[in-house]
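Note sheet for the following structure.
The values are calculated or read from the model by the stated rules, or taken from the named source; none is laboratory data. The shown structure was predicted, so the numbers you read here are calculated from the model rather than taken from an experiment. All Cβ positions, glycine included, derive from the backbone under ideal geometry; neighbour counts span all protein chains shown. The accessibility values were calculated without ligands, DNA or RNA, using every heavy atom of the protein model including side chains. Shrake-Rupley method; radii C 1.70, N 1.55, O 1.52, S 1.80 Å.
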Amino acid sequence: MFDARILGTGSFLPERIVPNTELEEKMDTSDEWIQQRTGIRERRYVEEGVGTSDLGLKASQRALRSAGLTANDIDFIIFATLSPDYNFPGCGCLLQDKLGIGNIGALDVRNQCTGFIYSLSIAHQFVRTGTYQHILVVGAEVHSTGLEMHTRGREVAVIFGDGAGAVVVGKSSNDQRKILSSHLHSEGKFAKKLWIEAPSSIQQPRLTKEMLQQGRHYPRMEGRYVFKHAVDRMQQSVREGLEANNLKLSDVKLLILHQANLRISEAVVRALKISPDRVFNNIQIYGNTTAASIPIALDEATRQGKIGSGDLIVLAAFGSGFTWGATVLKW
Ligand code: UT7
């Protein structure tokens, strides 16, 4: 078995900034409500015609640069998204083509906000066994084209934003930026607490005029319910990851939580009884970018010098499924 480490990180956010005040024009909401309930001030939206794989490409190019590698060095792609360009094929294949590299394997991961944690754990195992040398792990989302921009959809619409993050995972020749372990969970009985129902393969046709009128093709969430589970599960995941490695909360330099809601991060901090400055947050300016939020945050924390050599980092996520989990890293 080999050790696996993160060789480089990258992120990409679309240029178009959408402040809360712009949403006030489309639905019954207010900048004050959004900031108080979520911490979000603004998010980014793509321009027309830009897809999730395009954002993934930009983040990947930056991650490759930071790893000192080129696209041709990559021998496997893992792409986490809940908003693929098409129902099929997945974004991994599209990214393989856009990178202009050989016929390497490309896997799409459908684990919503926990997608990046699941993807990182798969990359870890492939590198550990020596199957692949350099794996590109991407989390990217375009939410803006799929939100109900009216009062009926406001609970969800104000939260989500577009963006992408990526890392290159490879064999470790030293102890830096090492992946120690990942811990994955799901609880499918809560699938409908946060979901998009249509188009659905259990119906024929999969999408009808009636479904469109009822807005069943938009994400729906029982916000308070999801909130409570997010806090419980993320803090449990952090503890599970630390226990598995015989580590303590006091060993953690930085906690990078899925950026679901600033109040969720604050509640996890309270539950873990750690100081707020040991948790990284950027939801204020990007909103919730689901599978992209952790790799974006990891890239920014690295570039802002918040993580240094030897620091212990815990990544934790929770999302639709329900799915949740954590990854422990020694930077
Ligand atoms: O990333 C995957 C995981 N996702 C999450 O973890 C998200 C979890 N949930 C949340 O972040 C929060 O539950 C929300 C931000 C979605 C909602 O915040 P909340 O504090 O739980 O509000 P609430 O759902 O209890 O609603 C409070 C009130 C309601 O009105 P009434 O019934 O008190 O009259 C809502 O209708 O706020 C209303 N409301 C809004 N008002 C203005 C809901 N959405 C909005 C809105 N603007 N956008």
From largest accessible area down, sort Arg5, Arg154, Arg216; use a 1.4 Å probe on the protein chains.
Arg154, Arg216, Arg5
Segment 178-330: antiparallel DSSP beta bridges as a percent of all, rounded to 5
70
Run the accessible area of the chain with a 1.4 Å probe and give the carbon-and-sulfur part as a rounded percent.
47
Within the under-10-Å Cβ sphere about Gly115, not counting Gly115, Lys/Arg +1 and Asp/Glu -1 give a net charge of -1
What lysines does Lys330 reach when the alpha-carbon gap must be under 23 Å and sequence neighbours fewer than 8 apart in one chain are set aside?
Lys171, Lys178, Lys248, Lys253, Lys273, Lys306
Segment 78-198, Rg to Rh (Cα coordinates; Rh as Kirkwood inverse mean 1/r):
1.02
Estimated distance in nm for a label pair at Arg128 and Phe2, the labels positioned 7 Å out from Cα along Cα-to-Cβ:
1.5
According to the Kirkwood expression over distinct Cα-Cα pairs, how big is the hydrodynamic radius of segment 184-240, in Å?
13.3
Just for the chain, what percent of DSSP beta bridges are antiparallel, to the closest 5?
70
Restricting to segment 4-171, what percent of DSSP beta bridges are antiparallel, rounded to 5?
65
Sorted peptide list for 258-271, 313-326, criterion being average Cβ within 10 angstrom, highest first
313-326, 258-271
For segment 206-308, state what percent of all Cα-Cα pairs lands in each successive 10 Å bin, counting from 0 Å until the bin that includes the largest distance.
13, 39, 29, 12, 7, 1
Once Lys and Arg are counted +1 and Asp and Glu -1 for all other residues with Cβ under 13 Å from that of Ser173, the total becomes +2
What's the local net charge at Arg16, with K and R +1, D and E -1, over the other residues with C-beta under 12 Å away?
-4
With n ≥ 4 as the cut-off for DSSP H runs, can you work out [θ] at 222 nm for the chain, using -39500 (n - 2.57) per run divided by the number of residues, rounded to the nearest 500?
-10000 deg cm²/dmol
Can you flag which of Lys26/Lys58; Lys58/Lys98; Lys192/Lys228; Lys193/Lys228 are past 19 Å Cα-Cα?
Lys26/Lys58
Segment 4-171: mean projected area of Cα convex hull, nm²:
9.8
With Rg and the Kirkwood Rh both taken from Cα atoms, where does Rg over Rh land for the chain?
0.95
Hey, got a sec? Which GluC sites (Glu not before Pro) in segment 41-121 land in a DSSP loop and have at most 13 other Cβ atoms within 10 Å?
Glu47, Glu48
